[in-house]
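Below: the structure, in structure tokens.
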Amino acid sequence: MNKSFHNYFIYLLAFSSGFSIMGIELLGGRILAPYFGSSVHVWGSIITVFMLSLSFGYLLGGRLSLTNPSLKRYGSIFLFAGITLLPIAYFATPMLELVFDNIEDSRYGSLVASMMLFFIPTIILGMISPYSVRLLVTSQDESGHVAGVLYFVSTLGSALGTLATSFYLVLWFEVNTIILSYCFLLMVLGILAICFYKMELKDAQVQIQA
């Protein structure tokens, strides 16, 4: 796999992660609404949890990228993110009922519910951006440019994910169907990244033998 394809593939994955993050964040409002309403403090809870989770994810992703960065590990992040999103589709209702029954104040109830549902998956999704930068940067001189392009692509994905989810997907599909679609997308991309890693490894071995 040549360098250009390698870089475009990473940009595609970064775009997809941004798309997924904002799509899931918007769906969070729909998931919590039947129990806690859709007032400003509910959205404040969701946004706080996502921002906090992403900040931890950026920190962990940057640290992970310091040791033997590879497409294999990169793909594993996507796989793990997809897996940790699955409980939102299958167990959100009993989890929300538990919180609703035990916390009367909807402000704190929505905050606890958001933490339970979205904290771990969003941390993992946040790891993708710094790890992407590490895989793309090959020299110190280009690091700023690469990071700028990467965050442009990722944020563009977030914008389109916001529009696609709020304008179309929620009108066409049930919330759980959309969540499962995001899970499937992330896991497929993770598998592809691992497969491309194996291809790169095989090509490198062939070149050494030649």
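When each of the peptides 81-94, 163-176 is scored by the mean number of other C-beta atoms lying within 10 Å of its residues, the order from highest to lowest reads 81-94, 163-176. Angle of helix 175-209 to the longest C-alpha principal axis of the chain, folded into 0 to 90 degrees and rounded to 10: 10°. For the listed peptides 56-66, 177-187, a ranking on the average number of other beta carbons within 10 Å per residue, highest first, reads 177-187, 56-66. Rolling a 1.4 angstrom probe over the protein heavy atoms with all chains in place gives the stretch 34-78 an accessible area of 52 Å² per residue.
Compared with the dominant Cα axis of the chain, that is its longest principal axis, helix 106-126 is turned about 10°.
In the chain, helical runs assigned H by DSSP with n ≥ 4 each contribute -39500 (n - 2.57); averaged across all residues and rounded to the nearest 500, the mean residue ellipticity at 222 nm is -30000 deg cm²/dmol. The accessible surface of the chain, taken with every protein chain in place and a 1.4 Å probe, is 67 percent carbon and sulfur.
Taking all Cα-Cα distances within the chain, those exceeding 29 Å account for 28%. Considered as an equivalent ellipsoid built on the Cα gyration tensor, the stretch 69-183 has semi-axes of 32, 17, 14 Å, the largest given first.
Averaging 1/r over every pair of different alpha carbons in the stretch 1-60 and inverting the result gives a Kirkwood radius of 13.5 Å. Summing Lys and Arg as +1 and Asp and Glu as -1 over all other residues whose Cβ lies under 12 Å from the Cβ of PRO69 gives a net charge of +4. Rolling a 1.4 angstrom probe over the protein heavy atoms with all chains in place gives the stretch 99-140 an accessible area of 46 Å² per residue.
Taking packing as the residue-averaged number of other Cβ atoms within 10 angstrom, the listed peptides 192-199, 121-128, 24-31 run from highest to lowest as 121-128, 24-31, 192-199.
The values are calculated or read from the model by the stated rules, or taken from the named source; none is laboratory data. These figures come from a predicted structure and were not determined experimentally. For neighbour counting, all protein chains shown are included, and Cβ atoms are generated from backbone atoms with ideal geometry for every residue, glycine included. For accessibility, only protein heavy atoms count, side chains too; no ligands or nucleic acids. Shrake-Rupley method; radii C 1.70, N 1.55, O 1.52, S 1.80 Å.
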